[in-house]
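All remarks here apply to the structure that follows.
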Amino acid sequence: MGKKKKVGKERIDKYYKLAKSAGYRARSAFKLIQIAQKYNIFKDANILIDLCAAPGEIFNLCK
């Protein structure tokens, strides 16, 4: 038998806890911050359209 896949609250990891303590909705916030710093993707943006799935972390970061 192989390992059971963790689901729900069982799969909480370091980045999940960091995101919640920093007030972000999702762990993806840290990756989005890293990309924004590296490529300046929000530098001259006046309008932002979020075409991603829930929980909508882009809007949370761009406020």
Where a residue in region 25-39 is among the β-branched types (Val, Ile, Thr) and its partner, wherever it lies, is in a helix (DSSP H, G or I), with Cβ under 8 Å and at least six apart = 33/61
task = Could you tell me which of the residues 21, 28 is within 16 Å of residue 59 (Cβ to Cβ) and hydroxyl-bearing (Ser, Thr, Tyr)?
result = 28
key: residue 59 vs. criteria outside any loop (DSSP other than H, G, I, E, B), surrounded by 10 or more Cβ atoms within 10 Å (Cβ to Cβ) and at pLDDT 85 or above   = no
task = Give the number of residues within region 1-21 that are part of a helix (DSSP H, G or I) and at pLDDT below 80.
result = 4
query = Taking region 22-41 as the search range and keeping residues that are among the small types (Gly, Ala, Ser) and part of a helix (DSSP H, G or I), which one is surrounded by the most Cβ atoms within 10 Å (Cβ to Cβ)?
reply = 29
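The values are calculated or read from the model by the stated rules, or taken from the named source; none is laboratory data. Owing to the predicted nature of the structure, the values given are computational and were not obtained by experimental measurement. No Cβ is skipped: glycine too gets one built from the backbone with ideal geometry, and neighbour counts run over all protein chains shown.
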